[in-house]
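A short worksheet on the structure shown next.
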Amino acid sequence: MRTVLKQSLRWAATISLVSALMAMALSASSNTLLRGVSWSGGLLVVLLIIAIGVVFDMLGIAATAAREAPFHSMAAKKVPGARHAIGIIRRADQFSNFCNDVVGDISGILSGAAAFTVITGLIVTFHLDESRWWVEMLMVATISALTVGGKALGKTVSIRYANDIIFRVGQLFYFLETRFHIRLFDVKNNKKRKRKRGVIHAPRSN
């Protein structure tokens, strides 16, 4: 219990720091990207951010729904990505925490910031100063509907095809490891050879 708690606290501290750094970096880059962009360009950015949030939500759900057993035979045959898929499933709590919580929350923050740019652009372009409240309400409702609807559809797909999705992610991690030496969610074979009991080895003859 103490070991599990220590590992959980270590992961919580690490992911909190990563979340803060990612949020600052993405917020700064999105503000730079959206500066001077028209309302149509801002709308495309909003849709892209929502799509990223939906995709990562699917990955997190798939990690918790996938089964480890089918990948063992694939790993024994040295199929690329199988070991990484096993690693993802064994650490599904960390993987889903990053995908669902970290990326999900950051996507929500960025989509809200991008929506403000779209609203401002619409009001200036079409002279909707008197209808600002309605424009804001419609934009918020649209973003909420697309986000919730997309994640609902994504959950159905990710649960049904969980193993296929995780295998594709495992292949991606395998590619990153072999090409760029970036190791993510890999499973090493730590089996050690043990001397059989009761077996007496004859001394070497000179």
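The values are calculated or read from the model by the stated rules, or taken from the named source; none is laboratory data. Everything quoted here is computed from the prediction, not taken from an experiment. Neighbour counts run over all protein chains shown; Cβ positions are idealised from the backbone, glycine included. The area values use the complete protein model at the heavy-atom level, side chains included, leaving out ligands, DNA and RNA. Shrake-Rupley method; radii C 1.70, N 1.55, O 1.52, S 1.80 Å.
Across the range 1-56, what is the total count of residues that are closer than 21 Å to G154 by Cβ and aromatic (F, W, Y)?
The qualifying residues number 1.
Of all residues in the range 1-34, which are in contact (Cβ under 8 Å) with a residue 60 or more places away in the chain and either among the β-branched types (V, I, T) or open to solvent by 60 Å² or more (accessible area, probe 1.4 Å) (or both)?
As a first pass, look at the range 1-34 and keep what is in contact (Cβ under 8 Å) with a residue 60 or more places away in the chain: 11, 15, 18-19, 22-23, 26-27, 30-31, 34.
Matches in the range 1-34: W11, I15, V18, L26, N31.
Yes or no: the range 51-72 includes at least one residue that is free of Cβ contacts under 8 Å to residues at least 12 places away in the same chain and of a type in the set (A, V, I, L, M).
yes
Only one of V4, V18, V37 is farther than 25 Å from I106 by Cα and hydrophobic (A, V, I, L, M, F, W, C). Can you tell me which?
Being farther than 25 Å from I106 by Cα and hydrophobic (A, V, I, L, M, F, W, C) holds for just one of V4, V18, V37, which is V4.
Kindly state which helices (runs of 4 or more DSSP H) lie completely within the range 35-115 and contain at least 1 residues that are of a type in the set (G, A, S) and surrounded by fewer than 15 Cβ atoms within 10 Å (Cβ to Cβ).
Result: 39-65, 69-76.
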